[in-house]
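Take a look at the structure set out below.
The values are calculated or read from the model by the stated rules, or taken from the named source; none is laboratory data. For clarity, every value in this text was computed on a predicted model and none was experimentally measured. No Cβ is skipped: glycine too gets one built from the backbone with ideal geometry, and neighbour counts run over all protein chains shown.
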Amino acid sequence: MTEAGKPKYFSLMEQLKEDILSGRIAPGEKLPSENELSEAHSLSRHTVRKALGILAQEGYVESQHGKGTFCSENMRHVKKSKNIAVVTTYISDYIFPRLIQGIDNILSDKGYSIILKNTGNSRQKEARCLEELLQKDIDGLIIEPSKSQMLCRHRNLYQSLEKYEIPYIFIQGIYTEMKDKPHILMDDAQGGYQVTKYLLELGHRKIAGIFKADDIQGIERHKGYVQALQEMGVPYNPDDVIWFHTEDRRAKPGMMAKLMVESGRLPEGIVCYNDQIAVQVMEALESMGLDIPGDISITGYDNSLYAQRGSGITTIAHPQERLGEMAAELILEKINGIPEEESRVERLIQPEIIVRGSCREK
C-alpha cells in the first residue's frame with residue numbers, strides 16, 4: 001500500500017494514465033520496460049505488470065510481442081480537438097466553395113476548425129486521406145465518397161474511425177454496402193425524372209441521356225430518366241444513353257454527342273449529368289453548326305454558374321451552401337451523441353427544376 005492507502009499497482013497505473021492523457025506519453029510511443037518501471041518506482045515486476053494489465057484492458061496501452069508496451073493510437077483521439085475534417089472529391093469544382101462555406105457557417109460559430117482535403121474522385125487518394133486523418137486529432141469527418149457506385153475497398157479505415165469513436169457522415173453519395181451509415185443526399189432519381197419529364201412535356205420523344213457511371217448520382221439520375229420515359233410510354237433505347245467515367249469526363253461526353261449526330265441519330269433533347277457536361281455537349285454541337293435550343297434542347301444539373309450564363313441552361317437547383325450547413329449540423333449531432341431518432345437534420349433533399357433558355361417546345 002502507498003501512503004495514500006492505495007495499492008501500489010493502482011498508483012502506478014494512475015500515474016501512467018495521467019502521463020498518457022496529458023500528452024507526456026504520446027500515442028504510439030513506447031513505454032519504459034517492466035524492468036525500467038520497476039527500478040524507477042521501486043516496485044516488483046509483478047506490481048508493474050499488474051498496472052500495465054489494467055491500462056491494456058482500458059485501451060490505454062497495447063503490448064507488442066517481442067517489442068514492448070506502447071501507448072495506444074486510440075489515445076490520439078481522446079481529447080476534443082475542435083477539428084472537423086472535410087473530404088470532398090474536388091475543391092475547385094463549382095459546387096464545393098459554397099458547400100465549404102455552408103459547413104464553415106455552422107462549425108466556426110461552434111468554435112470548430114476545418115481540416116480540408118480532396119480526393120480527385122480517386123479511391124486510392126480517399127484511402128490515403130483517411131490514413132492521414134487517423135493520425136491527426138479530429139472530432140468528426142464529413143466526406144463525399146469517391147466513385148461511390150463502386151464497392152469501397154478500404155472499409156477497414158472507416159472501421160478504424162468507428163474503433164476510435166470518431167463519427168463520420170457521407171454527403172452527395174454513399175457506398176452501396178454502407179447505406180446504414182449517416183448520410184445526406186440529393187434525391188437524384190427525382191431530379192433526373194424532373195428534367196426528362198420537362199423535355200417530354202415540351203413534345204420531345206427522342207431524348208438522349210449522358211450519365212456518369214462510377215458515382216451513385218449518375219446511376220440515380222439515369223434511373224429517373226428511365227422512369228419518366230416509361231411513364232410517357234416512350235421506349236428506352238440503350239443506344240441513346242452515353243456513359244462516362246471520372247477519367248474521361250473532360251472529353252467523352254462531347255465526343256460521343258458529336259458521333260451521335262454524325263451517325264444520323266440526332267436526338268430532340270439531351271439530359272446531361274450536370275451543368276459542366278451540358279456546356280461541353282453544347283459547345284461540341286454548336287461547333288457542328290447546330291443551334292441550342294433551335295435544333296436540340298439541353299438540360300443540366302446543379303444550377304451552377306455555368307447554367308446561369310447568357311440565356312442559361314434548364315437545370316436542377318443544388319442547395320450547395322444549405323447542404324454544407326446540414327452536414328455540419330449532422331456531424332455536430334453525432335459528436336454530441338444525439339440519437340438518430342432525435343435528429344433534426346433532413347437526410348434527403350428534394351430537387352427543384354429551374355427553367356432557362358436551353359430548351360424549347362417542339
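Residues checked against (1) closer than 17 Å to GLU329 by Cα; (2) in the same structural domain as ILE331 (by TED's automatic domain parsing):
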| residue | (1), (2) |
| --- | --- |
| SER63 | no, no |
| ILE91 | no, yes |
| ILE95 | no, yes |
| ILE100 | yes, yes |
| LEU107 | yes, yes |
| ARG155 | no, yes |
| GLN159 | no, yes |
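With respect to being of a type in the set (S, T, N, Q), in contact (Cβ under 8 Å) with a residue 12 or more places away in the chain and surrounded by fewer than 19 Cβ atoms within 10 Å (Cβ to Cβ), SER358 falls outside the description.
Annotation note: Cβ proximity below 6 Å between a residue of the range 293-306 that is within 21 Å of MET260 (Cβ to Cβ) and a residue that is among the hydroxyl-bearing types (Ser, Thr, Tyr) (sequence gap 6+ or interchain) occurs for PRO293/SER358; ILE298/SER358; THR299/THR314; GLY300/THR315; TYR301/THR315.
Considered as a group, the residues in the range 60-81 that are loosely packed, with under 14 Cβ neighbours inside 10 Å and within 30 Å of LYS110 (Cα to Cα) include one that is modelled with the lowest pLDDT, and that residue is LYS79. Between ARG98, ARG24, ARG49, the distinction of being outside any helix (DSSP H, G or I), more than 22 Å from GLU132 (Cα to Cα) and of a type outside the set (S, T, N, Q) belongs to ARG24 only.
Among what's in the range 231-261 and is assigned to a helix (DSSP H, G or I) and charged (D, E, K, R), pick the residue that is surrounded by the fewest Cβ atoms within 10 Å (Cβ to Cβ).
Step one: list which residues in the range 231-261 are assigned to a helix (DSSP H, G or I), which gives 231, 238-240, 246-248, 252-261.
Remaining after also requiring charged (D, E, K, R): 231, 239-240, 247-248, 252, 258.
On the way: GLU231: 12, ASP239: 9, ASP240: 19, GLU247: 11, ASP248: 13, LYS252: 17, LYS258: 16.
It comes out as ASP239.
Considering the range 128-190, the qualifying strands (runs of 3 or more DSSP E), each wholly inside and each with 3 or more residues that are in contact with a His (Cβ under 9 Å, 6 or more places away or on another chain) and crowded, with 21+ Cβ neighbours inside 10 Å, run over 168-171. Screening VAL355 against (1) farther than 20 Å from ILE171 by Cα; (2) assigned by TED's automatic domain parsing to the domain that holds ILE95 leaves a single unmet condition, (2).
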